């Protein structure tokens, strides 16, 4: 089992949670700031939320023309360790996709740069945080509860799997990039979602955690009695794509990128960017989400 250690350089080399950019190089958050709640409006917002007596922070992006008059999808993006919501926002370019397709994007900040996921990195109840965050945005920002999605990379990807299981009925689908289902909690036989949650995941064959990711995916599909779906087109050169349909009606779609390590494929810049990858993870994740509203 991989262990979190105190010295950051060792953690970066040994833990499942990939490391982000040095603190000095992390992008600054938007200039627009507002504590707590605020009326729905287009633009970038820095907001706070009290969970279990602790103040948590997140960024929220609403596309041009958004006014809260009609239900819209929500994508919650979870950052790597150590990182921040602003760092993930600038890495994956999801705001532009939101502007094109008319959905909200929330970027929560982990405590001390990380989320309490399956392997590391923290001790906060981040499942409660994500649940409270989505509840607020459903109540106050007119989010469609049937179109709430969760995506993340590395530590954020691990956290996506944990929330998919432990926040039953909150997320219709998750998109996991360079992250996986691992650790003692996930090894328990009953660690499966009580309601259908579809999964799209993108992993690099050169990732040092590739075998762990593959083992976790096998475990997930076995527990949910998933069977391969044939006849769907494969990926481009250098990408192996597979699809499965599970007994609860959820889908699992896996992309394995031959020459990629621990990265977000298609990201233009940043320590975890893979700009020359043959696929763009942001496009794949959103297209999968758009095709997978919550199953009832």
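General remarks:
- Single condition residue 149 does not satisfy, out of (1) surrounded by 19 or more Cβ atoms within 10 Å (Cβ to Cβ); (2) more than 23 Å from residue 216 (Cβ to Cβ); (3) touching a helix residue (DSSP H, G or I) at 6+ places or on another chain (Cβ under 6 Å): (2)
- Number of the condition not met by residue 238 [criteria: (1) within 22 Å of residue 154 (Cβ to Cβ); (2) buried (at least 19 other Cβ atoms within 10 Å of the Cβ)]: (2)
- With respect to (1) surrounded by fewer than 20 Cβ atoms within 10 Å (Cβ to Cβ); (2) in contact with a strand residue (DSSP E or B) (Cβ under 7 Å, 6 or more places away or on another chain), the lone exception for residue 104 is condition (1).
- Check on residue 214, in a loop (DSSP other than H, G, I, E, B), out of contact with any helix residue (DSSP H, G or I) (no Cβ under 9 Å at 6 or more places or on another chain) and within 22 Å of residue 166 (Cα to Cα): no
- Residues in the range 172-206 that are surrounded by 23 or more Cβ atoms within 10 Å (Cβ to Cβ) and under 24 Å from residue 237 (Cβ atoms): 175, 176, 177, 178, 200, 201, 202, 203, 204.
- Residue within the range 89-101 that is more than 20 Å from residue 265 (Cβ to Cβ), at pLDDT 95 or above, under 21 Å from the mean Cα position of the chain (by Cα) and part of a loop (DSSP other than H, G, I, E, B) present: no
- The test for being outside any helix (DSSP H, G or I), out of contact with any helix residue (DSSP H, G or I) (no Cβ under 7 Å at 6 or more places or on another chain), within 27 Å of residue 170 (Cβ to Cβ) and modelled with pLDDT of 95 or more does not hold for residue 81.
- Residue 274 closer than 26 Å to residue 100 by Cβ, buried (at least 21 other Cβ atoms within 10 Å of the Cβ) and in contact with a helix residue (DSSP H, G or I) (Cβ under 7 Å, 6 or more places away or on another chain): no
- Of the residues making up the range 102-124, just one is in a loop (DSSP other than H, G, I, E, B), in contact with a helix residue (DSSP H, G or I) (Cβ under 6 Å, 6 or more places away or on another chain) and within 30 Å of residue 65 (Cα to Cα), namely 109.
- Residue match in the range 153-165 (condition: free of Cβ contacts under 8 Å to residues at least 40 places away in the same chain, touching a helix residue (DSSP H, G or I) at 6+ places or on another chain (Cβ under 6 Å) and crowded, with 23+ Cβ neighbours inside 10 Å): yes
- A search for C-beta distances below 9 Å between a residue of the range 272-294 that is over 19 Å from residue 83 (Cβ atoms) and any residue that is buried (at least 22 other Cβ atoms within 10 Å of the Cβ) and modelled with pLDDT under 95, counting only pairs 6+ apart in sequence or on different chains, returns nothing.
Residue-wise test of (1) modelled with pLDDT of 50 or more; (2) surrounded by 13 or more Cβ atoms within 10 Å (Cβ to Cβ); (3) more than 21 Å from the chain's Cα centre (by Cα).
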| residue | (1), (2), (3) |
| --- | --- |
| 25 | no, no, yes |
| 31 | no, no, yes |
| 35 | no, no, yes |
| 43 | yes, no, yes |
| 46 | yes, yes, no |
| 50 | yes, no, yes |
| 57 | yes, yes, no |
| 64 | yes, no, yes |
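The values are calculated or read from the model by the stated rules, or taken from the named source; none is laboratory data. These numbers were taken from a predicted model, which means no experiment stands behind them. Here Cβ is always computed from backbone atoms with ideal geometry, including for glycine, and neighbour counts include all displayed protein chains.
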